[in-house]
1. Hey, could you check the stretch 161-170 for residues that are modelled with pLDDT of 90 or more and surrounded by fewer than 16 Cβ atoms within 10 Å (Cβ to Cβ) and say which is farthest from residue 51 (Cα to Cα)?
2. For the stretch 99-111, indicate whether the set of residues that are more than 24 Å from residue 48 (Cα to Cα) and at pLDDT below 90 is non-empty.
3. Give me the pairs, please: first residue somewhere in the stretch 117-133 and on the phi < 0 side of the Ramachandran plot and free of Cβ contacts under 8 Å to residues at least 24 places away in the same chain, second residue anywhere and in a loop (DSSP other than H, G, I, E, B) and surrounded by fewer than 21 Cβ atoms within 10 Å (Cβ to Cβ), beta-carbon distance under 7 Å, and either six or more positions apart or on two chains.
4. Tell me which residues, restricted to the stretch 137-180, are part of a loop (DSSP other than H, G, I, E, B), closer than 16 Å to residue 126 by Cα and more than 13 Å from the chain's Cα centre (by Cα).
5. Kindly list, by first and then second residue, each pair from a residue in the stretch 79-102 that is without any contact (Cβ under 8 Å) to a residue 40 or more places away in the chain and at positive phi to a residue that is surrounded by 10 or more Cβ atoms within 10 Å (Cβ to Cβ) and in a loop (DSSP other than H, G, I, E, B), limited to pairs with Cβ atoms under 9 Å and residues at least 6 apart or on different chains.
6. When residues of the stretch 134-159 are filtered for being touching a residue at least 60 places away in the same chain (Cβ under 8 Å) and crowded, with 20+ Cβ neighbours inside 10 Å, how many remain?
7. Please list, ordered by residue number, the helices (runs of 4 or more DSSP H) wholly in the stretch 39-130 having 2 or more residues that are crowded, with 18+ Cβ neighbours inside 10 Å.
8. Kindly evaluate residue 176 against the criterion of being modelled with pLDDT under 95 and more than 24 Å from residue 65 (Cα to Cα).
């Protein structure tokens, strides 16, 4: 105990001060905050978005977005609206020429895309804006699944036939009905 008291007594009694920047004015802080919020608004993010080369439909970008604010982008990628229908739980499905969206309120909950031609898993993910996945798949007889990946609750890659390695359709769920 005496040793501890001795060691504490040997410490330098003068505190060391480090240089501190002068605080920003209230106006400067408010301007910085407003600029950051403006950069992060969905309208601004959508305005700067460009679909990457080689991507057929950017399901990764569309999932979780506001349908109302992304409507022009959705129609550009998926084509014209063919049908709208109410589904279980008060959600709405909107069928387009090249795919289907499920909406929970105004949010795109699910993107379902039939591929223009059968592709292997990595290629199928790539044409939908996802990076390749390695070794994380659940393999079922008619589909492959990825769970909780890239901000999506579930990604289902439907095989062309039982046991086939080729994918005909991909269904990407940003969140499930219970996740809301």
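1. Per the stated criteria, the residue is 162.
2. no
3. Here the result reads 122/132, each pair linking the stretch 117-133 to a residue that is in a loop (DSSP other than H, G, I, E, B) and surrounded by fewer than 21 Cβ atoms within 10 Å (Cβ to Cβ).
4. 137, 165
5. As it stands, the answer is 79/97; 79/98; 90/105, since those pairs meet every condition given.
6. The total comes to 1.
7. Passing ranges, in order: 59-62, 67-78, 121-127.
8. no
The values are calculated or read from the model by the stated rules, or taken from the named source; none is laboratory data. Every value quoted in this text rests on a predicted model; they were computed, and no experiment measured them. Cβ: placed from backbone, ideal geometry, glycine included. Neighbour counts: every protein chain shown.
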